[in-house]
Amino acid sequence: MRLRTSIRTLESIVYPIAGMVAVLALWQGYVWAFAVNPIVLPSPLAIARATAANHEILLSQTWPTLRESVYGFVLALLVGIPLAVCVANSRILNLTFYPILIATQSIPKVAVAPIILVWFGIGMESKLVIAFLVAFFPVVVDTATGLKATPAGLLELARSVSASPSQTFWKVQFPAAMPFIISGAKVAVTLAVIGAVIGEFVGSNEGLGNLLLSANAQLDGPLAWAALVWLSVLGIVLFFVVVAAERVLMPWGHH
């Protein structure tokens, strides 16, 4: 059993690395073979050189984007989970607020970003709000779905032992909904990075999104792609932070 687990763990590491190496090799070969202009598509080696030459700038611009993403994500959890609890356990609140949530989610965040910029300025607050708006919906929907999907047998068992509504929620409903909450958080944390970048695109003096725009304006393709790579790495790191939290909050799900 241990050997089989070790093999699976090794495969989960080796296969993604092999796939990435293959993609990078094909990318590099395509750029060399067709002499592609680096403004249009820089090679992986050119991006690596740009990263090494500008690592201090990239690192300094990562922190604003990281703060905006994390704050927006945390705010989405703090607001979204309680709202989902209310929506899932009250028919009136569900009928009242769920259509509003769907309507607000259907509005492109790029369209409302300039309005938010006017309201909150070009500081971190506007990026935090946009990151929150983007990350908010999956948290609410997945949490509400998980609470509603609690097995009827568990609820019947709680009633049979005269559990109070509070005890039923904390001992039955919330633990049963935890996989859904974590699933929503995984989606939300990556969307929070996208929301922060949208805010930086619309108006900002710092952040990886602002650096990407500046590099594009200067026709510095390798630096623009380096900023893009750093953004993807930032999203991946935050995703795995949520995965680590899942292992702490749901240890029974990884046996």
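For the range 150-162, the set of residues classified as part of a helix (DSSP H, G or I) and of a type outside the set (Lys, Arg) consists of 152, 153, 154, 155, 156, 157, 158, 160, listed by residue number.
Only residues that are small (Gly, Ala, Ser) and within 15 Å of residue 64 (Cβ to Cβ): list them for the range 195-234, please. Before the answer, list the steps.
Narrowing the range 195-234 to residues small (Gly, Ala, Ser): 195-196, 199, 203-204, 207, 209, 214-215, 217, 221, 224, 226-227, 232.
Answer for the range 195-234, where residues must be small (Gly, Ala, Ser) and within 15 Å of residue 64 (Cβ to Cβ): 195, 196, 199, 203, 204, 207, 209, 214, 227.
Could you tell me whether residue 50 is of a type in the set (A, V, I, L, M), surrounded by 11 or more Cβ atoms within 10 Å (Cβ to Cβ) and under 25 Å from the mean Cα position of the chain (by Cα)? Spelling it out, it is not the case that residue 50 is of a type in the set (A, V, I, L, M), surrounded by 11 or more Cβ atoms within 10 Å (Cβ to Cβ) and under 25 Å from the mean Cα position of the chain (by Cα). Taking each residue of the range 76-88 that is more than 18 Å from residue 150 (Cβ to Cβ) and looking for partners that are hydroxyl-bearing (Ser, Thr, Tyr) with beta-carbon atoms closer than 7 Å, six or more apart or interchain, yields 80/143. Considering every residue within the range 60-70, establish whether at least one is surrounded by 12 or more Cβ atoms within 10 Å (Cβ to Cβ), in contact with a Pro (Cβ under 8 Å, 6 or more places away or on another chain), modelled with pLDDT of 90 or more and within 15 Å of residue 224 (Cα to Cα). No, the conditions are met nowhere in the range 60-70. Taking residue 185, is it in the same structural domain as residue 75 (by TED's automatic domain parsing), among the small types (Gly, Ala, Ser) and surrounded by 21 or more Cβ atoms within 10 Å (Cβ to Cβ)? So residue 185 passes the test. A single member of 158, 144, 163 is over 30 Å from residue 62 (Cβ atoms), in the same structural domain as residue 198 (by TED's automatic domain parsing) and either surrounded by fewer than 19 Cβ atoms within 10 Å (Cβ to Cβ) or without any contact (Cβ under 8 Å) to a residue 12 or more places away in the chain (or both), and it is 163. Pull up the range 202-222, narrow it to residues that are surrounded by fewer than 22 Cβ atoms within 10 Å (Cβ to Cβ) and free of Cβ contacts under 8 Å to residues at least 40 places away in the same chain, then point me to the one that is farthest from residue 81 (Cα to Cα). Checked the range 202-222; the qualifying residue farthest from residue 81 (Cα to Cα) is 218. Output yes when any residue across the range 128-140 is aromatic (Phe, Trp, Tyr), more than 30 Å from residue 223 (Cβ to Cβ) and surrounded by 21 or more Cβ atoms within 10 Å (Cβ to Cβ), and no when none is. Yes. Out of curiosity, is residue 102 not in a helix (DSSP H, G or I) and not acidic (Asp, Glu)? When the stated conditions are applied, residue 102 does not pass them.
Residue pairs whose Cβ atoms lie under 8 Å apart, separated by 6 or more positions or on different chains, with the first residue in the range 22-37 and under 16 Å from residue 48 (Cα atoms) and the second surrounded by 11 or more Cβ atoms within 10 Å (Cβ to Cβ) and of a type in the set (Ser, Thr, Tyr), are 27/43; 28/43; 31/43; 32/43.
Quick check on residue 236: is it modelled with pLDDT of 90 or more and within 29 Å of residue 156 (Cβ to Cβ)? In short, no.
Restricting attention to the range 19-35, the residues that are exposed (fewer than 10 other Cβ atoms within 10 Å of the Cβ) and either of a type in the set (D, E, K, R) or assigned to a helix (DSSP H, G or I) (or both) total 2.
The values are calculated or read from the model by the stated rules, or taken from the named source; none is laboratory data. Predicted model, so just to flag it, every value in this text is computed and none were measured. A quick note on method: Cβ atoms are made from the backbone with ideal geometry, for glycine too, and the neighbour counts reach across all protein chains shown.
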